[in-house]
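Report on the structure given below.
What follows draws every value from the coordinates through simple rules; no lab data is involved. Because the structure is a prediction, the values reported are computed rather than measured. Heads up, the Cβs are rebuilt from the backbone with ideal geometry, glycines too, and the neighbour counts pull from every protein chain shown.
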Amino acid sequence: MTDRFAPPPATGCRNTPVLKERGQHEVFCGLTGIVWLHRKMQDAFFLVVGSRTCAHLLQSAAGVMIFAEPRFATAILEETDLAGLADAQEELDRVVHELLARRPDIRQLFLVGSCPSEVIKLDLAKAAERLSAAHAPRVRVLNYSGSGIETTFTQGEDACLAAMVPVLPKTEARELLLVGALPDVVEEQALSLLDAIGVGPVRVLPAQTKDSEYGIGPNTVFALTQPFLGDTHAELTRRGARHIPAPMPFGEEGTTRFLEAIAAEFGIGPEVVARVTESPRARAREAVRKVAEPLWGKRVFFFPDSQLEIPLARFLARECGMEPVEVGTPFLHREIMGPELDLLPEGPRLSEGQDVDKQLARVREDRPDLTVCGLGLANPLEAEGLATKWAIELVFTPVHFYEQAADLASLFARPLRRSRALAFEEA
Ligand code: SF4
């Protein structure tokens, strides 16, 4: 490791006791992931088996994409379908046959479960098996759950990718798999950095199309670009692939340490990474410095929402001078988060899960300068005079790797600038 950054804190937060909470939680469900997944997988279609609520959620979250042939839809189950589950299966088969006949561009179809009780009773795994057999080899049908009972909004991507891993072919090839749906422009930057460092061959999950897929095997090593991919991590490990533990590629430091960990796995030293990344690192450092000024010395509180909270707290503490007060996360995956916890300076309360009333009481007592939370909590907290940042924006905005480091800092700086301007106007 080189000395470009402040050294990791003496003990970090790996052994900090974690407050475990199990109570009412306020987050979007995993259906939300369809909004960014359908852009990545160009031959995929997401058929949500759900209620009118699910259809409304998808339409409002993804309303901007109605111009093109849509690649997601909701098959609505009415309460009356409860009476005849056999009919519901037949109806689902009919909808899928019609869809695939009309849309020869679809090569992979995801049946996405939701939470109405009538959907829970439908066996979507069996339906996927039956429909796969009927439409193979042209179309592969898989299923996963995006239900709000089982998933928070980023877990939809995890469930989707985890469903894909078991059907990938087997290989003995020594390859790096980059896991996580990044915007195309960011993915290109990552691939070009890895190529310049000398790491390869590199594959990405999800692949753009079914035909561009590859195998998984004992010589596959994988790096996660998103912290919420715990189930995908488990599925890849089950297939014999090995995880490269590393901080997430957020900010200059996270990106460099991420690349260094991968390079080390391929026998390439940090001096090569330092040489290749010299200019993007300098650009990132300068760009973050310019936008992070309102963040220095400010206190930040994270409600559990996206599972991005710990890496973001690390970035804000180490590169933007913020003080995390509480870092809540819906799940704390120790193996994935270990390198992040080592870098996160001691001090913040760590919490896992949610009991929203207790957390609201804590945030009111702490009065942080910035609160990162879901949409449902932001308005009431703003009304109480607390500046907030919507966690969901962090998933919809390109924020990974060097060129996006300043955009990431800006997302947090903007609400502080706004509240400063409001305070100035009121004075
Ligand atoms: Fe609502 Fe559940 Fe449908 Fe999500 S899956 S929109 S939480 S009913």
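A few points about this structure:
- In terms of packing, defined here as the mean over residues of other Cβ atoms within 10 angstrom, the peptides 415-421, 303-309 line up highest first as 303-309, 415-421.
- P(r) histogram, all alpha-carbon pairs of region 333-393 included - 5 Å bins from 0, percent: 3, 14, 23, 23, 18, 13, 5, 1
- Counting only lysines at least 8 places from LYS20 when in the same chain, those with an alpha carbon closer than 24 Å to its own are LYS358, LYS389.
- Structural size metrics of region 30-151, computed from C-alpha coordinates, are Rg and Dmax of 13.5, 38 Å.
- Normalised by the number of residues in region 276-427, the mean separation of alpha-carbon contacts (under 8 Å, six or more apart) gives a relative contact order of 28 percent.
- J(HN,Hα) series, region 54-59, from Karplus relation 6.51 cos²θ - 1.76 cosθ + 1.60, nearest Hz, glycine and proline x: 4, 4, 5, 4, 5, 5
- Which of VAL112, VAL363 has the fewest Cβ neighbours within 10 Å, and the rest in rising order: VAL363, VAL112
- For PHE302, residues with placed amide H under 5 Å, excluding near neighbours: VAL325, GLU326, VAL327, GLY328, VAL372
- Cα-based helix-to-principal-axis angle, 155-164 vs the chain, degrees rounded to 10: 50
- For the chain, the ratio of Cα radius of gyration to the globular rule of thumb 2.2 N^0.38 Å stands at 1.01.
- Placed amide H near PHE72: partners under 5 Å, 5+ positions off or other chain: PHE46
- Cα pair distances in region 132-202, grouped into 5 Å bins until the bin that holds the longest one, percent each: 3, 13, 15, 16, 19, 18, 10, 5, 1, 0
- Residue-averaged 222 nm ellipticity for the chain, from DSSP H runs of 4+ at -39500 (n - 2.57), nearest 500: -14000 deg cm²/dmol
- Here the extension length gained between PHE331 and LYS126 equals 70.9 nm, from 0.36 nm per residue of separation less the Cα-Cα distance.
- A crude spin-label estimate for the pair ARG417 and THR53, with each label 7 Å from Cα along the Cβ direction, gives 3.8 nm.
- Set of aspartates and glutamates near LYS170 by C-alpha distance (under 16 Å), chain-local residues within fewer than 8 positions excluded: ASP211, GLU213, GLU235
- The mean of 1/r over all pairs of different alpha-carbon atoms in region 196-292, once inverted, gives a Kirkwood hydrodynamic radius of 15.0 Å.
- For the chain: relative contact order, % (alpha-carbon pairs under 8 angstrom, 6 or more apart): 19
- Fewest-first ordering of PHE5, PHE396 by other beta carbons within 10 Å of each residue's beta carbon gives PHE396, PHE5.
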